[in-house]
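Undergrad: Structure incoming, see below.
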Amino acid sequence: MASAQRAFTAQAFATLRPVPAFLSRTHEIVSDPRTDHIISWSKDGRTFIVWKPEELRKLLPKTLGLFTQPFASFVMELNVYGFVHYGSGNAEGDYFEFGQDGFQRGKPGLMHTIRQKENFGRYRH
């Protein structure tokens, strides 16, 4: 009887929830080879890198439809979903690298596991 009853794991339950538009659209931008000079996946595909924040800032309202503010707004939204900032800058210039276990190249299904951090919603406009 126990084998007939399948308990929902957190991951199985998460797949029933829709992926927030911000996450799916960001995944599309990062995966689009036409924007690789602005934003692209890291070599291992577990993080993504913003190579040109100013150009991304101009691209965001057109592609995400969510931002009219500076690059900092994009970073703040990533933070809401638990993305980690891994590094920025090198000898060739500024860049910003971000990652989240549920946000990886070629695995859009993992985005179902990403949730907003608690307490962010009540402080957002």
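The values are calculated or read from the model by the stated rules, or taken from the named source; none is laboratory data. Computed from a prediction, not measured in an experiment: that's the story for all the values here. For the accessible areas, the whole protein counts, side chains as well, though only heavy atoms, and no ligand, DNA or RNA atoms are used. Shrake-Rupley method; radii C 1.70, N 1.55, O 1.52, S 1.80 Å.
Undergrad: Considering GLU28, GLU92, GLU77, GLU55, which residue is at pLDDT 80 or above and more than 13 Å from the chain's Cα centre (by Cα)? Spell out the reasoning first.
TA: Values: GLU28 fails: more than 13 Å from the chain's Cα centre (by Cα); GLU92 fails: at pLDDT 80 or above; GLU77 fails: more than 13 Å from the chain's Cα centre (by Cα).
Every option except GLU55 fails the conditions.
Undergrad: Looking at segment 33-56, which of its residues are open to solvent by 10 Å² or more (accessible area, probe 1.4 Å) and part of a helix (DSSP H, G or I)?
TA: PRO33, ARG34, THR35, PRO53, GLU54, GLU55
Undergrad: Quick check, is GLU97 in a strand (DSSP E or B) and either at pLDDT 85 or above or among the polar types (S, T, N, Q) (or both)? Steps first, answer last, please.
TA: Working: in a strand (DSSP E or B): yes; either at pLDDT 85 or above or among the polar types (S, T, N, Q) (or both): yes.
In short, yes.
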